[in-house]
Each structure stands twice: as structure tokens, then as C-alpha cells.
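These notes are about the structure you will find just below.
The values are calculated or read from the model by the stated rules, or taken from the named source; none is laboratory data. Just so it is clear, the model here is predicted, and its values are computed rather than measured. Heads up, the Cβs are rebuilt from the backbone with ideal geometry, glycines too, and the neighbour counts pull from every protein chain shown. Side chains are part of the model used for accessible areas, which takes the heavy atoms of the whole protein and leaves out ligands, DNA and RNA. Shrake-Rupley method; radii C 1.70, N 1.55, O 1.52, S 1.80 Å.
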Amino acid sequence: MQILLFLLAIFVVETHAERPGYATVLLYHRFDEPRYPSTNVSQEMFRQQLEYLRQENYRVLSMDQFRSLLVSGKPFPTKSVLITIDDPYRSIYHHAFPLLKEYDYPFTLFSNTSPLYSENPAYMTWEMLQEIRDWGATIGNHSHFHPHIGQPEQGQSREEYAAWVRKDLTRAQRAFTDRGIDADILAYPFGEYNEMVIRIADELGFELMFTQDEGGVDEFTDLQLIPRVAIVGANMDLERFVFKLNLAPLHVADVQPAAISLSANPPEKISLRLLDSKRYRPGIINMFVSEWDRVEAVYDAKTGVLSYLPDRAFTRSLNRLIVTARERDSKHYSMFSRLYFRPFSELAEE
């Protein structure tokens with residue numbers, strides 16, 4: 001939140017500039033549930049956003065269209081959008097689904113399966129989910145129990161942790177299969193992933209895996225780490241929505257630490273190299289770490305290397321690294337984002 005507010009403070013809405021070919025994957029959760037402000041968007045605001053996509057001639061892709069372009073390595077058309085929603089909240093059925101049908105916009109619902117058996121009025125039933133699928137929406141796997149899948153439970157060994165992850169994802173897959181739903185795409189619950197989660201998801205046959213790391217998607221995006229931009233929160237207005245639509249992918253290399261699950265806390269160095277660095281303004285390249293907000297990273301314009309030497313250990317289980325770069329020829333930003341988890345041994349002790 002603080003990171004995006006910092007960027008918005010120096011962002012001027014520019015709706016007419018031609019953007020590079022990339023797709024923005026929108027992430028929603030709840031609709032018209034103001035008692036959950038961090039994951040909610042009002043139905044009125046959702047309508048404004050859908051109307052903006054229509055008025056500005058955005059191409060709203062189906063999951064099949066998105067998959068075809070991404071897997072083929074072909075560039076995305078300018079102004080491409082994929083709409084995704086996480087968790088089977090009943091407010092989606094009552095408030096979002098009617099609007100999406102009205103605009104005839106394809107979308108994907110990533111559902112965890114445990115609530116569908118619960119008869120809890122806050123969640124959809126299997127019949128509601130089937131109705132959404134029959135209309136033409138894509139259904140994706142979001143686990144069974146929606147656990148914090150990126151970190152072990154207390155006392156788990158690596159083998160026990162791997163078995164726990166596999167069991168939860170497999171249980172959800174079987175539930176979908178039993179109802180004739182082919183869910184070969186995955187959204188990591190809570191947006192959490194690490195090397196073991198990615199490996200297990202790959203072994204289970206998921207072709208596309210979606211994160212909650214923000215940024216755009218293009219032909220260079222890793223199929224197992226697809227970014228999405230969260231369209232939620234009490235501060236979500238049309239200006240913030242447009243800002244997020246204009247976050248192009250930031251291509252980087254030589255990311256350090258390379259591992260998602262850290263071997264040391266703190267890591268010796270956090271660094272990466274910007275590819276095509278001449279595209280960006282050297283004075284407006286920033287590094288953020290979620291626990292520490294903006295950090296004083298050093299940027300070498302000659303090499304494109306941005307680096308930071310941490311002087312303290314992480315205390316949070318996970319942290320998100322975000323790097324933003326202001327483009328020379330527009331008022332827009334490119335963004336790179338990824339997770340870091342504290343060492344396995346630390347997390348298993350908590």
C-alpha cells in the first residue's frame with residue numbers, strides 16, 4: 001500500500017500514450033463487502049472499471065486466449081487485460097458475475113474447494129460455481145484449505161512440508177475433476193510460493209501458475225510466476241486503477257539472492273540488473289522491500305545494476321521485493337516483483 005501511494009504521488013494519469021505490448025492480469029476478491037476493506041471493491045467502482053476498459057478499447061482476454069499467447073511466446077496486443085477473481089465468495093456471484101455478464105467480459109475464478117462444502121452463506125455452493133463455469137468462465141485451482149502454502153507449519157520437516165503441500169493441492173484437483181471441471185491453472189493461496197511449491201505444482205500438471213506479485217505480463221514472463229495487480233482496498237479509485245493498468249513488465253537479470261527461500265537472514269546483498277536500462281530514467285529507479293518500504297539502493301547507470309546491502313535481518317516470514325523504473329518517454333512505470341521467505345529452519349521453528 002505505502003509503495004503504491006508513493007508512486008501515485010508522482011504519477012500523472014496519461015491515457016493516450018501507446019503502451020508496449022503486454023497484458024495486465026487484474027486480481028479481485030470481494031464485492032460490496034465493506035467490512036473487509038483490504039480485499040473489497042464496491043460494485044459501483046467495479047462498474048466504473050469495466051466501463052473504462054470498454055471506453056478505452058481494452059481487449060479483455062479469456063483464459064484460453066491469454067494462455068495461447070503466453071505459451072506461444074507471441075507479443076500481447078496493446079491494452080490487453082485478463083480478469084481474475086480469487087476465492088468463492090458469494091458476493092462474487094451476486095455482485096460481480098451479473099456485471100461481467102452484462103459487459104460480456106470473460107473472467108477466471110480461482111476457487112479453493114473447502115468452502116464449497118461448508119453451506120456457509122458467505123461462500124458459493126458448488127451449484128453456483130457450476131453456473132459460472134457453464135456461462136463460460138474459467139475455473140482454476142486455489143488449493144483446498146487455502147493454507148499459507150509458502151511456509152512450513154511448526155515442526156514440519158522438509159519431507160512433511162512437501163507432502164502437506166501436495167495433499168492440499170491434489171485434494172482440490174480431485175474435487176474439481178469429480179465435477180467435470182478441468183482446472184489445470186493455479187493461483188497460489190495468499191500469493192505464496194517457493195521452490196518446493198513450484199516444483200510440486202509443476203509435477204501435478206499445472207501449466208500456468210499465478211502469483212500476487214504486481215506487474216505486467218509479456219512473452220518473457222515465467223509461466224510459473226505470472227504477476228497480477230490487486231484491484232482491492234478502500235483507497236481504490238479510478239486513478240489508481242489506471243495507474244495499475246499502466247505498469248509494464250520490468251525485465252531484469254542476475255537477481256540476487258536467486259533463491260526464494262533464503263539460505264541466510266539477512267541476505268548478504270539484494271541486487272538485480274535492468275535489461276534495456278536506457279529505456280528508464282536513472283534518477284527514478286527505486287527498490288522496495290515490504291518490511292522496510294523504500295530502501296536506499298544504489299543504481300549504476302552504466303551497468304544497469306541496482307543493489308542494496310541489508311543492515312538488519314527480516315522479521316516477517318515473507319517479504320516482497322519490488323523494483324520500479326520510470327520510463328524516459330512517458331510518465332508510466334515498469335515494475336518487477338518477487339517473494340523472499342526467511343530460511344526454512346527459522347520458519348519451521350515458529
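Using only the alpha carbons, work out the radius of gyration and Dmax of region 222-295 in angstrom.
Spelled out, the Cα radius of gyration and Dmax of region 222-295 are 15.1, 41 Å.
Rg/Rh for region 21-76 to two decimals, with Rh computed the Kirkwood way over all alpha-carbon pairs.
Checking Rg against Rh, the ratio lands at 1.08.
Expressed as a whole percent, how much of the Cα-Cα distance distribution for region 177-314 exceeds 20 Å?
Values: 5634 of 9453 pairs.
So the pairs more than 20 Å apart make up 60 percent of the total in region 177-314.
Based only on Cα atoms, what Rg/Rh ratio does region 175-226 have, Rh being taken as Kirkwood's radius?
That ratio equals 1.00.
For the chain, set up a Gaussian network in which alpha carbons nearer than 10 Å are linked by springs, and say which option among P227, P257, P121 fluctuates the most.
Its mean-square fluctuation being the largest, the pick is P121.
I need the phi-derived Karplus couplings for region 106-122: 6.51 cos²θ - 1.76 cosθ + 1.60, θ = phi - 60°, integer Hz, Gly and Pro marked x.
x, 7, 10, 10, 8, 10, 7, 9, 3, x, 5, 9, 7, 6, 6, x, 7
Mind checking the alpha-carbon convex hull of region 71-207 and giving the volume per residue in Å³? List each step's numbers first, then the result.
Working: hull volume 17.8 nm³, N = 137.
For region 71-207, the hull spanned by Cα atoms encloses 130 Å³ per residue.
So what is the relative contact order of region 43-114, in percent, for Cα pairs below 8 Å that sit 6 or more residues apart?
37 percent
Can you tell me what the convex hull of the Cα atoms of region 83-151 projects to on average, as an area in nm²?
4.6 nm²
When a/c reaches 1.5 or more, the comparison of a/b and b/c decides; with that in mind, is the chain rounded, prolate or oblate per its Cα gyration tensor?
Since a/c reaches 1.5 but b/c is at least a/b, the shape of the chain is classed as oblate.
Arranged from highest to lowest average of other beta-carbon atoms within 10 Å per residue, in what order do the peptides 322-333, 272-283, 82-93 appear?
82-93, 322-333, 272-283
Just the number please: accessible area per residue for the chain, 1.4 Å probe, all protein chains included, in Å².
On the way: 15050 Å² over 350 residues.
Heavy-atom SASA per residue in the chain reads 43 Å².
Name the GluC sites (Glu not before Pro) in region 70-148 that are in a loop by DSSP and that have at most 12 other C-beta atoms within 10 Å, would you? Mind showing how you got there, number by number?
Details: sites: E102, E119, E127, E131; in loops: E119.
Listed in order of number, the matching sites are E119.
Using a Cα distance threshold of under 16 Å, what count of lysine pairs results for the chain when pairs must be 8 or more residues apart or interchain?
Lysine pair count for the chain: 4.
Please quote Rg/Rh for region 253-347 to two decimal places, taking the Kirkwood radius as Rh and restricting both calculations to Cα atoms.
Rounded to two decimals, Rg/Rh equals 0.99.
Can you give the helix-only mean residue ellipticity at 222 nm for the chain, where every DSSP H stretch with n ≥ 4 adds -39500 (n - 2.57) and the sum goes over all residues, rounded to the nearest 500 deg cm²/dmol?
-7500 deg cm²/dmol
I need the phi-derived Karplus couplings for region 253-262: 6.51 cos²θ - 1.76 cosθ + 1.60, θ = phi - 60°, integer Hz, Gly and Pro marked x.
9, 6, 6, 10, x, 6, 7, 6, 7, 5
How big is the antiparallel share of DSSP beta bridges in the chain, given as a percent to the nearest 5?
Approximately 50 percent, going by the DSSP bridge assignments.
Can you tell me the FRET efficiency between R312 and D254 if r is taken as the Cβ-Cβ distance and R0 is 22 Å, rounded to the nearest 0.05?
Numbers: r = 24 Å, r/R0 = 1.08.
Here the calculated transfer efficiency is 0.40.
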